[in-house]
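All remarks here apply to the structure that follows.
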Amino acid sequence: MAARNTLPAVCAVLAAAGAACSDQVIWQNSPTIGLLNGLYDGLTKVADVRAHGDLGLGTWDRLNGEGLVIDGVFYQVRSDGSVHVMPKSATLPWVSVTHFAPESELTLPSGLTFETLSATVDPTLPTVNTYYAVRIDGEFDLVEVRSLPEQSKPYPPFCKVERTEPKFAYAPVKGTMVGFRSPPFSTNMSVPNWHLHFLSKDSLVGGHVLRFKVISATMKIDRVDHVDIQMPTTEAYDQADLTSIIQCD
């Protein structure tokens with residue numbers, strides 16, 4: 001069955017009532033809790049994800065590395081730290097993308113860190129109760145990242161994989177971070193608060209951002225008030241216990 005885009009109809013109703021409606025949408029191929037609970041088989045091909053956005057992040061089949069989308073190009077950062085452009089046939093078990101159309105731009109202060117990002121940027125946003133797509137371009141005194149190692153069945157929960165993930169630190173480095181700031185209540189469906197992936201300017205290194213310190217950088221921000229989360233139809237998803245996120249002792 002073909003997917004239906006109901007947003008134009010919704011916007012038409014709002015317009016008739018004199019209300020504004022943004023056509024910006026974050027599209028996600030699965031709720032985040034599925035990935036966190038060990039559903040790592042690829043669901044969606046790059047060729048199909050492209051129709052939904054040109055900026056975003058995710059991971060690859062069998063949790064084989066970090067994924068990020070910049071200017072419509074899909075990158076894989078493997079657990080050895082190497083970066084690869086992925087073909088149209090590659091699949092992702094979890095991905096979140098949008099058609100990036102920034103509405104504002106913010107110069108980030110020198111010395112800003114991941115730990116101080118919320119305190120600095122959140123007060124400049126109209127609200128923290130919705131979603132924002134962001135892109136940060138600049139030079140960093142430090143960027144520390146991780147990259148997920150490929151898994152084999154039976155898949156362990158994500159909290160166990162995190163214990164074995166390789167980490168890399170680059171200092172100094174120029175590059176781009178892309179991702180989302182999601183509202184705190186989005187747990188289970190999205191990744192709450194700030195979620196960023198990094199790619200160096202030379203496209204040689206990257207990963208899921210753990211820490212950073214800004215030398216000079218600019219953040220472009222796109223408010224997104226509509227989120228389209230697809231529910232997978234695989235047997236593994238249908239049979240999974242998704243009542244809560246699996247926690248490791």
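For the range 213-225, the condition holds for no residue, the condition being that it is more than 19 Å from the chain's Cα centre (by Cα), open to solvent by 40 Å² or more (accessible area, probe 1.4 Å), touching a residue at least 24 places away in the same chain (Cβ under 8 Å) and within 23 Å of HIS52 (Cβ to Cβ). Suppose the filter is touching a strand residue (DSSP E or B) at 6+ places or on another chain (Cβ under 6 Å), surrounded by fewer than 18 Cβ atoms within 10 Å (Cβ to Cβ), of a type in the set (Val, Ile, Thr) and more than 30 Å from ASP249 (Cβ to Cβ); does THR107 pass it? Yes: the conditions hold for THR107.
Residue count for the range 177-205, restricted to those that are touching a His at 6+ places or on another chain (Cβ under 9 Å) and within 19 Å of LEU108 (Cβ to Cβ): 9. Considering only residues that are within 19 Å of SER182 (Cβ to Cβ), in a strand (DSSP E or B) and β-branched (Val, Ile, Thr), which ones fall in the range 25-64? Once the filter is applied, which keeps residues that are within 19 Å of SER182 (Cβ to Cβ), in a strand (DSSP E or B) and β-branched (Val, Ile, Thr), the range 25-64 yields VAL25, ILE26, THR59.
Listed by position, the strands (runs of 3 or more DSSP E) inside the range 70-135 whose residues that are closer than 25 Å to ASP41 by Cβ number at least 3 are 73-77, 83-85, 94-98.
Pairing residues of the range 226-249 that are on the phi > 0 side of the Ramachandran plot with residues that are loosely packed, with under 15 Cβ neighbours inside 10 Å and in a helix (DSSP H, G or I), at Cβ distances under 6 Å and at least 6 apart in sequence or on separate chains, gives no pairs at all.
Among the residues of the range 152-172, the ones that are under 30 Å from ASP202 (Cβ atoms), part of a loop (DSSP other than H, G, I, E, B) and open to solvent by less than 50 Å² (accessible area, probe 1.4 Å) come to 2 in all. Figure legend. Inter-residue proximity from the range 188-201: first residues at positive phi, second residues open to solvent by less than 30 Å² (accessible area, probe 1.4 Å), beta-carbon distance below 6 Å, spacing 6+ or different chains. Indicated pairs: ASN188/ILE33.
Among the residues of the range 197-245, what is the count of those that are at pLDDT 95 or above and not in a strand (DSSP E or B)? Before the answer, list the steps.
Taking the range 197-245 and keeping what is at pLDDT 95 or above, we get 197-224, 226-245.
Filter once more, so that each one left must be not in a strand (DSSP E or B): 201-205, 230-245.
Qualifying residue count, the range 197-245: 21.
Here SER147 meets the list (1) closer than 13 Å to PHE212 by Cβ; (2) open to solvent by less than 30 Å² (accessible area, probe 1.4 Å); (3) of a type in the set (Gly, Ala, Ser) almost entirely, failing just condition (1).
The values are calculated or read from the model by the stated rules, or taken from the named source; none is laboratory data. Computed from a predicted structure; not experimentally measured. Here the Cβ is made from the backbone with ideal geometry for all residues, glycine too, and neighbour counts use every protein chain on show. Calculation scope for accessible area: heavy atoms of the full protein, side chains included, ligands and nucleic acids excluded. Shrake-Rupley method; radii C 1.70, N 1.55, O 1.52, S 1.80 Å.
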